[in-house]
Structure formats: C-alpha cells, structure tokens
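Let me begin by presenting the structure, written as structure tokens, before commenting on it.
Read-outs: derived from the displayed coordinates by stated rules, not from any lab. Predicted model, so just to flag it, every value in this text is computed and none were measured. Cβ atoms come from the backbone with ideal geometry, glycine included; neighbour counts cover every protein chain shown.
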Amino acid sequence: MVTRDNISLKTQRFPWVLLVRVPYFPTTAFYIERALQKITNVVSLSFYFPLLYRLQYRFYRQRFWIKLTEYIFSNYVRNTGMAHAPDLVLVVDPMRFYVDWKKLFGQDCITAFYAIDSHLDDSRRLHITWARAHEYDYLFVAQKNYLEFYKRHGAKKVHWLPLACDPEIHRKYNTPIKYDISFVGNVLGDRPLYLNKLKEEFPRSFIGRAYLRDMALIYSASKIVFNRSLNRDLNMRIFETMSCGRLLMTDFVQGLDEFFKDKVHLVTYFSLEDLIDKVKYYLEHEQEREEIAMRGMDEVHSKHTYLHRVREILKVTRIIN
C-alpha cells in the first residue's frame with residue numbers, strides 16, 4: 001500500500017502538485033485528486049468556461065481563438081495566488097486549454113498531461129491542436145492504442161497509464177442481490193443492440209446512470225456487470241466493477257490481457273450470441289462466478305488503484321524515487 005509513510009522522497013518534503021482539471025465530479029481527475037491528497041501537497045485548479053469550450057470545437061483551427069483562450073487561462077491561473085511553486089503541473093483531460101506553465105512557475109517546474117479520451121476522434125484532435133499535449137515534458141495516455149499517434153505528433157516522453165479504481169468508493173457492499181446483470185453508463189455506439197438483447201433475455205437487470213457509491217451499490221447488488229467499450233477503450237468500468245467484487249463480462253480490448261486473464265479475473269465475450277451464452281452459464285454456476293470475481297477484486301486492489309497510478313506519475317516524472 002502506497003502511503004505518506006512509505007513513499008521514497010527525493011527531498012525532505014512532500015512534493016507540491018498543481019492539478020488542473022474541469023470541475024466535473026465523476027471524471028478521472030476526481031479520483032486522481034483523491035489519490036494525490038494521500039501522498040503529496042496538491043492544489044487543485046478547476047477551470048470551465050462553457051462558451052470557450054464551444055468556441056474551441058467550432059474554431060479550433062483559428063489561431064486567434066487559441067491565443068485568446070491562452071491569455072484568459074494564463075491570467076486565471078496567475079490570479080489564484082499559489083503559495084508554493086509546484087514541482088509538477090498535472091493537466092488531466094478533458095482540460096484542453098494550453099498555458100506556458102514554465103513561464104508562470106519557472107523552468108524547473110515539470111509539466112505532464114494525462115490524455116484520457118484518446119479513443120475519441122475529437123479528443124485526439126483537440127489534445128494536439130488546442131491543449132498542445134505533445135509540448136508537455138511528459139504525456140501519459142490512458143489508451144495504449146494511441147501511444148504512436150502522440151509520438152507521430154511530436155511527443156517525446158509518452159507513457160501508457162491505464163485507468164484504475166478507488167477502493168474506498170468502488171467497494172463491495174453487503175447488500176441483497178437484485179439484478180442478474182447490470183450496466184451503468186452511457187448507452188452509446190452499438191451498446192443499445194447488446195443491452196436490448198440482455199434486457200429481453202434477463203428481465204432482472206439494471207440499465208441506467210449512477211455515480212460514486214450509488215454505482216458501487218448497484219454493482220454490489222448484481223451477479224454480473226456488463227461492459228461494452230467505445231472504440232476499443234480500456235474504460236473505467238472495467239476496473240470499477242472488479243473493485244466491487246462482481247463478475248465483469250467485457251469485450252476484449254488492447255491491453256486487457258496484459259493485466260487480467262480470461263476466466264481467472266474476468267470473462268470476455270466475442271459476439272452477442274457468445275455474450276448471452278456466457279451470461280446464462282455464469283448465472284447457473286454461482287461458485288465459479290464468485291471465485292472469478294474475488295480473484296479480480298484482489299488483482300485490481302493490489303495493482304490497479306489510482307494510488308498506484310499517481311505513484312507511477314510521480315516516479316516517471318522523477319518527483320519521487
């Protein structure tokens with residue numbers, strides 16, 4: 001377990017981190033912030049101007065709008081009156097404005113950008129044209145498929161940093177089972193095809209939206225949790241479901257087999273028919289289902305929490321040893 005007591009510091013003080021993020025509560029940055037609070041001095045800067053975001057998408061090629069946004073954001077940061085120059089500035093997607101952080105805080109300040117939504121075409125474009133993610137000292141990418149994309153656009157120190165879980169929130173609750181299968185999230189892409197068939201075959205199901213502990217309660221009340229990626233992304237649901245101690249049934253995405261084994265930590269499916277057959281099988285084989293779920297939970301808790309990810313960021317950027 002990574003704590004303030006056992007991290008290896010380069011100096012005799014805890015590092016100062018400026019976390020720059022949008023103020024949405026269910027994003028990855030929310031969990032990154034919680035983890036940073038455990039092992040660093042973190043100052044969180046939330047920035048969100050809806051009008052500028054709309055202009056960003058409409059006029060992203062026009063330099064005037066880029067310079068205008070940079071000017072507004074730079075002054076916004078300068079007026080926050082930070083008491084200590086940060087050792088690390090960590091900007092987390094979907095924050096997509098650029099500031100010359102070294103001009104604000106000095107050349108010794110290390111900068112890093114965490115690209116979460118690289119599997120979305122608009123996000124990749126804006127990471128380069130607007131956020132200028134390739135100009136940071138370090139670029140962390142949540143989706144392994146797109147490491148080469150950022151290298152082609154000039155990023156030098158690019159690292160794969162998958163998403164994770166927060167066991168204090170994503171935990172198994174002692175609650176009665178209500179659902180054979182559940183899905184929490186946006187019904188996008190080809191998910192309606194799969195979800196409609198699941199609802200038809202398994203009426204005791206949950207399909208909808210929930211956040212934080214409410215989401216963990218739904219997972220805890222489910223025998224199986226369904227996942228369908230968008231553009232083959234290794235999404236948050238994979239880690240969060242396993243952290244709640246329930247059987248994850250997911251399509252195969254790049255990087256999944258580097259962390260988890262099929263039928264050991266989770267179960268993968270390869271078609272709609274395959275999914276239905278496997279759901280039926282694991283609903284009938286409770287002991288096998290629960291054993292896989294418990295091994296999955298142990299695996300993510302031991303290797304794939306946001307505390308692990310934050311420590312990796314601090315080690316790669318050489319903030320800690």
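Just to be sure I understand: of the beta bridges DSSP finds with both ends in the chain, what percent are antiparallel, rounded to 5?
Numbers: 1 of 39 bridges.
Counting only bridges with both partners in the chain, antiparallel ones make up about 5 percent.
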- [ ] Residues in region 167-192, backbone N under 15 Å from the label point at M294 (7 Å along the Cα-to-beta-carbon vector): list them, ranges by number please.
- [x] 172
Task: Estimated vicinal HN-Hα couplings, Hz - region 269-286 in sequence order (Karplus 6.51, -1.76, 1.60; Gly, Pro = x) - done: 10, 10, 6, 5, 5, 4, 4, 4, 4, 6, 4, 4, 4, 7, 5, 7, 10, 4
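What number comes out for the charge environment of A115, summing +1 per Lys or Arg and -1 per Asp or Glu over other residues with Cβ under 9 Å away? Working shown, then result.
Values: positive: R124; negative: D93, D117.
Here the count lands on -1.
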Task: Top of Y71, Y146, Y114 by mean-square fluctuation, Gaussian network on the chain, Cα under 10 Å - done: Y71
- [ ] Would you grab the residues whose amide H sits under 5 Å from the one on L266? Only those 5+ places off in sequence or on another chain, please, with H modelled 1.01 Å from N.
- [x] K261
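Under the 0.36 nm per residue contour assumption, what length would be gained going from the current alpha-carbon distance of L212 and D190 to full extension? Walk me through the numbers on the way to the answer.
Working: separation 22, 0.36 × 22 = 7.92 nm, distance 2.50 nm.
Here the segment from L212 to D190 would lengthen by 5.4 nm.
Determine the shape class of region 179-303: with a ≥ b ≥ c the square roots of the Cα gyration tensor eigenvalues, call it rounded for a/c under 1.5, and otherwise prolate if a/b is greater than b/c, oblate otherwise. If you can, show how the numbers build up before the last one.
Working: a/c = 1.21, a/b = 1.17, b/c = 1.03.
Since a/c stays below 1.5, the shape of region 179-303 is classed as rounded.
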Open item on the list: Given a 10 angstrom Cα cut-off, can you work out which residue in E148, E291, E240 is the most mobile in a GNM of the chain?
Closed with: E148
TODO: Read phi for every residue in region 260-265 and hand back ³J(HN,Hα) as whole Hz from Karplus 6.51 cos²θ - 1.76 cosθ + 1.60, θ = phi - 60°, with x for Gly and Pro.
DONE: 10, 10, 4, 6, 10, 10
- [ ] With everything on Cα atoms, drop me the angle between helix 306-316 and the longest principal axis of the chain, reported from 0 to 90° to the nearest 10.
- [x] 40 degrees
Task: Among I169, I72, I39, residue whose mean-square fluctuation peaks in a GNM of the chain (springs only between Cα atoms under 10 Å) - done: I72
TODO: Mind sorting out which of [x] 17.8, 57; [y] 22.8, 81; [z] 20.7, 62 is the real Rg and Dmax of the Cα atoms in Å computed from the coordinates?
DONE: [z]
